[in-house]
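> Input: one structure, supplied below.
The values are calculated or read from the model by the stated rules, or taken from the named source; none is laboratory data. Note that the coordinates shown come from a computational prediction; the quantities given were computed from them, not determined experimentally. Don't worry about glycine lacking a Cβ; one is built from the backbone with ideal geometry, like all the others, and counts go over all protein chains shown. For the accessible areas, the whole protein counts, side chains as well, though only heavy atoms, and no ligand, DNA or RNA atoms are used. Shrake-Rupley method; radii C 1.70, N 1.55, O 1.52, S 1.80 Å.
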Amino acid sequence: MPVLPIIDLLILVGWTSLGVGAVLKAVALTTVYRPNILSLSSMDFVVVAVVCFVFSLTLAARTWVKLNEPRLMAMDQREADARVRRLSMEHDLELAEAGAEIAPLRPEEATAGHR
């Protein structure tokens, strides 16, 4: 299901609620009449607008994160691999400085020099 129309609808509802709330507040300030629409005051429409804007922003952020998740996970894995290689090289260097013999990583590397 496409998410963009839902985000657009939430933004439209938010701006419409904000406009209706502004009109109700203007009528309340300029006249003695205190208007309500479906028993909702101007402040209620402002709250509805804020909720719609927050939901649309949250939905857009979740969609962005979901689309970019594989790339972000790959970057994290590359950084972790680089960190492991760096620590392994530092450990091998410490062993070499101490005079210890470093064992090969694969068994075929151990037998390759003896052929």
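> Of everything in the range 74-95, what is at pLDDT below 80 and open to solvent by 60 Å² or more (accessible area, probe 1.4 Å)? Give them in sequence order.
Asp76, Met89, Glu90, His91, Leu93, Glu94
> Would you tally the residues in the range 25-43 being in a helix (DSSP H, G or I) and open to solvent by 60 Å² or more (accessible area, probe 1.4 Å)?
Of the residues in the range 25-43, 4 are in a helix (DSSP H, G or I) and open to solvent by 60 Å² or more (accessible area, probe 1.4 Å).
> Among (1) touching a helix residue (DSSP H, G or I) at 6+ places or on another chain (Cβ under 6 Å); (2) surrounded by 15 or more Cβ atoms within 10 Å (Cβ to Cβ); (3) over 30 Å from Pro5 (Cβ atoms), where does Phe55 come up short?
(3)
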